[in-house]
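Derivation of every value follows stated rules applied to the coordinates shown; laboratory data play no part. Just so we're clear, the structure is a prediction, and the values are computed from it rather than from any experiment. So basically every Cβ, Gly included, is an ideal-geometry build from the backbone, and we count neighbours across all protein chains shown.
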Amino acid sequence: MNQCIFCKIVRGEIPSRKVYEDEDIFAFDDINPLAPVHFMIIPKIHLPSLAEADPSHQAVLGKMLAMAGTLARSQGLGDGFRSIINTGRIGRQEVYHLHLHILGGPEPLGAMMGK
Ligand code: AMP
Ligand code: ZN
């Protein structure tokens, strides 16, 4: 068994507030939300980052994006949201299991990036 924290969440070894689960993907609230609604969509397979993705991951990556709108609406984000994937050192990725952040709330978010 690997020690990846998000793999442990998928396996139920670490608690999370689950937003959605199917055979390929898992979605759960971020423990340190940066917006009124902030959850992440992850593949169940351990893929460290978008930098390691290749065409063999096309189906699961496509599903993560294809489910984003439905899951966002299910969390009250019917009027839009921001989706972010941080990758590697330059992207300041902290957890090396690919995750798609979904953020939003009742008011428009701040500018996309600070300096
Ligand atoms: P990133 O910087 O894109 O790698 O984001 C990692 C995210 O994972 C951060 O927003 C953390 O707050 C979040 N995170 C870390 N540990 C947990 C956890 N146990 N449950 C939920 N979210 C977590
Ligand atoms: Zn993992």
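If R0 is taken as 30 Å, the Cβ-Cβ distance between D22 and A111 corresponds to a FRET efficiency of 0.35.
The sum of -39500 (n - 2.57) across all DSSP H runs of n ≥ 4, divided by the residue count of the chain, sets its helix-only mean residue ellipticity at 222 nm to -6500 deg cm²/dmol.
Placing unit charges on the Cβ atoms only, positive for Lys and Arg and negative for Asp and Glu, gives segment 5-104 a dipole magnitude near 180 debye about its Cα centre. Relative contact order of the chain, taken over Cα pairs closer than 8 Å and 6 or more residues apart, is 29 percent. Between A66 and E13, the contour length at 0.36 nm per residue exceeds the Cα-Cα span by 16.4 nm. Rounded to the nearest 10 degrees, the angle from helix 58-74 to the longest Cα principal axis of the chain is 40 degrees.
Between Q93, Q75, Q58, the GNM of the chain built on Cα springs shorter than 10 angstrom shows Q58 fluctuating the most.
Near L65: Cβ cut-off under 15 Å, other residues only, Lys/Arg at +1 and Asp/Glu at -1. The net charge is +1. With the cut-off at under 15 Å, measuring from each backbone N in segment 73-115 to a point 7 Å along the Cα-to-Cβ line of N32 picks out 86, 92-96. Summing Lys and Arg as +1 and Asp and Glu as -1 over all other residues whose Cβ lies under 13 Å from the Cβ of I25 gives a net charge of -1. Computed extension gain for A51 through V95, at 0.36 nm per residue and net of the alpha carbon distance, reaches 14.5 nm.
Loop-located trypsin sites (Lys or Arg not before Pro) across segment 1-104 with a Cβ neighbour count of 11 or fewer within 10 Å are R17, R89, R92, with loop assigned by DSSP.
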